[in-house]
1. Probe radius 1.4 Å, ligands and nucleic acids ignored: give me the carbon and sulfur share of the accessible area of the range 1-143 as a rounded percent.
2. What number comes out for accessible area per residue over the range 515-560 if the probe is 1.4 Å? Units Å², please.
3. How large is the direction-averaged shadow of the alpha-carbon convex hull of the range 209-316, in nm²?
4. Say the cut-off is 19 Å between C-alpha atoms; which of Lys203/Lys228; Lys611/Lys663; Lys23/Lys58; Lys228/Lys303; Lys65/Lys124; Lys578/Lys656 go over it?
5. If you project the alpha carbons of the range 368-446 onto the principal axes, what extent comes out on each, in Å, largest first?
6. Where the centre of each part is set by its Cα atoms, how far does the range 524-558 sit from the range 611-634, in angstrom?
7. Compactness ratio of the range 132-229: Cα Rg over 2.2 N^0.38 Å, N = residue count?
8. Take the solvent-accessible surface of the protein heavy atoms, probe 1.4 Å, and return the percent of it on the range 368-446 that carbon and sulfur atoms account for.
Amino acid sequence: VLSSSLPRLVREFVAQNNTSQIKHVIQILSQEFALSQHPHSRKGGLIGLAACSIALGKDSGLYLKELIEPVLTCFNDADSRLRYYACEALYNIVKVARGSVLPHFNVLFDGLSKLAADPDPNVKSGSELLDRLLKDIVTESNQFDLVGFIPLLRERIYSNNQYARQFIISWILVLESVPDINLLDYLPEILDGLFQILGDNSKEIRKMCEVALGEFLKEIKKNPTSVKFAEMANILVIHCQAADDLIQLTAMCWMREFIQLAGRVMLPYSSGILTAVLPCLSYDDRKKNIKEVANVCNQSLMKLVIPEDDEMDEAKQLTTLPAEPTSEESLSKPEAASSSESPLDIAALNQPLSFPRSSERIPVTLNLDGIVQVLDCHLHDTSIGMMTRIAVLKWLYHLYIKTPRKMFRHTDSLFPILLRTLSDESDEVILKDLEVLAEIASSPAGQTEGHGPSDGSDVRPGPVELHVPAKASQLSSGTKGLECSPSTPTMNSYFYKFMINLLKRFSSERKLLETRGAFIIRQLCLLLNAENIFHSMADILLREEDLKFASTMVHTLNTILLTSSELFQLRNQLKDLKTPESRNLFCCLYRSWCHNPVTTVSLCFLTQNYKHAYDLIQKFGDLEVTVDFLTEVDKLVQLIECPIFTYLRLQLLDVKNNPYLIKALYGLLMLLPQSSAFQLLSHRLQCVPNPELMQTSDSTKPSTSFKRGSASNIDYTELLQHFEKVQNKHLEARHQRAGRAEQLDRRVVL
């Protein structure tokens, strides 16, 4: 009856323009049949509504709301056959109405998205036919309401059902292909959902999502000026930290393009980007692709920091860019993003600034505090890889070069971890760490009032923070020959703080001194002023209470001074003592070198103070001769045979003018037991010509070392007295240690 009489009746009403009767017919079909409690009635109602729509023809658009709603209700029917009939009925309604259904697109899309996940294959097949029809209509129309559709798309994109996800992606691909539809403007609202779908278990769905994201990225590269980079930055930061390799690689590739295309617009998100990128730099070959892209991101982001960032006043350069998440938020959001039940709130990111056009660049402020916090956090994390630590240190060095004034506000908090990093297992990490510390110690910005260390005269500060004198002269011993501590225009108030902390670290961590001490000091001599380093360390060691450490440290410094190629210029400066600066340096070194008798003699040999060397060796008879002492004498003899002392050996040919040199060497020979070193030095002395000329007296003409007018103002008597004083302290300290050891042995016995 419905199939024959109903269409005729409807057509008559249409011819009469009787809209009330048409609505009445549709209402009866809807209420009494399609929404009936009886399955057969519902089936009949669906067929009747489809027939009515066909009969209405082009006029069906006037009654679409009344026609579509009961059919969509049947999409939820428990009977799969009725769901199929409903799908078939809606297909016929849409086919007749064509473009007129677009105002009702959202409800149609909502219903179809549910049918896409229907367990019945017939229903799913019917929904696919309807889906294709609807896609054809949208593609050929220029009246699609994208603004109204986006909220629904954003909601449905977080579905966990594979078929629903496939349905969503297929629609996104269709909308992307329509020239009149600019889906790129609304990408920030669906980007997070797309990355979640990219992690689907189905290879087909992952591939479809890859294609969709690839198309979006192509469009972004074509039209970067219309892209809302800032709104999507945080989304990429989150997915760059994903556990899924495909998601992470894709997000990292997007991040690379964003940094290169958007430039400084990405700067406010630097801390989040670094949180995501830095760990990837230590990936092994299994994640080589991610590592390579992350490295490009890191390098590109670093280039965005410019010297002008150091001059910008944050208060005046406020932008409308959204604030980036804190480190905690950045680390916590991946978990939220991985769950479709707690989708990322893209709506909260709706208001940020879009990519500015070249004619209206908006100033962007570097969030230095956030960057430093992330870098500091990574340095403290002992689990991070070597390449990540190197990248962190490169960042710190770069920031100190580009924005020194702002960076020195963070120096006090960074200083402890930078010192601890000197104990790293990697030489490359230590080298980068030393570069940062050297830049801190030499940057003119470190001398700015209020940015440097606190003023004070305490040279032995507490464990939390070290206070360094504002004037280096406050550390001076105040005795003759040592007027002041080193200071040059290239050194700032952090230089002395660095030297004090470095020596404290060597003192507390002897293994570091033994294994890396020479390496660290030699590199510092390349990066900073070698004279300043030796002068300041000698000055600090002069007041060192741990005499054993002072002796060990002096021995280390002396070995570096005599053997390292990096100290060639400083050795030449000391060799002649021609300038007041070189004489001042000699006196400063001498006073600290007195902690170790043999190194003091070697310093005198280096500076050609042979008579004083002889006088010192004469004092050795009053010292406690230990195995360690004889070992150091042995090493000095070996050192005399090295190229560094070629000039000394040649001076043995001039016996007349260097009698104290020969007497000093004989003095060393007399100290040595019958050993290989004894034989070596004995053979050397046997080569001295005319040994009878070695005789001398107080009236003998002064040696060449005293002919030099440049050293005439050095009070060697006072220096010798200082040597005796220091050695007495060492003797007393050894007796105290021996006494404590004896008491401990007695307790053990008891």
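1. That fraction is 50 percent.
2. Ligands and nucleic acids excluded, the figure is 32 Å² per residue.
3. Dividing the Cα hull surface by four gives the mean projection, 7.6 nm².
4. Lys203/Lys228; Lys228/Lys303; Lys65/Lys124; Lys578/Lys656
5. So the three principal-axis extents are 31, 24, 19 Å.
6. Using only Cα atoms, the two centres lie 21 Å from each other.
7. Dividing the Cα Rg of the range 132-229 by 2.2 N^0.38 Å gives 1.04.
8. Ligands and nucleic acids excluded, carbon and sulfur give 50 percent.
The values are calculated or read from the model by the stated rules, or taken from the named source; none is laboratory data. Note that the coordinates shown come from a computational prediction; the quantities given were computed from them, not determined experimentally. So basically every Cβ, Gly included, is an ideal-geometry build from the backbone, and we count neighbours across all protein chains shown. Each accessible area value is taken on the protein alone, full model and side chains, heavy atoms only, with ligands, DNA and RNA left out. Shrake-Rupley method; radii C 1.70, N 1.55, O 1.52, S 1.80 Å.
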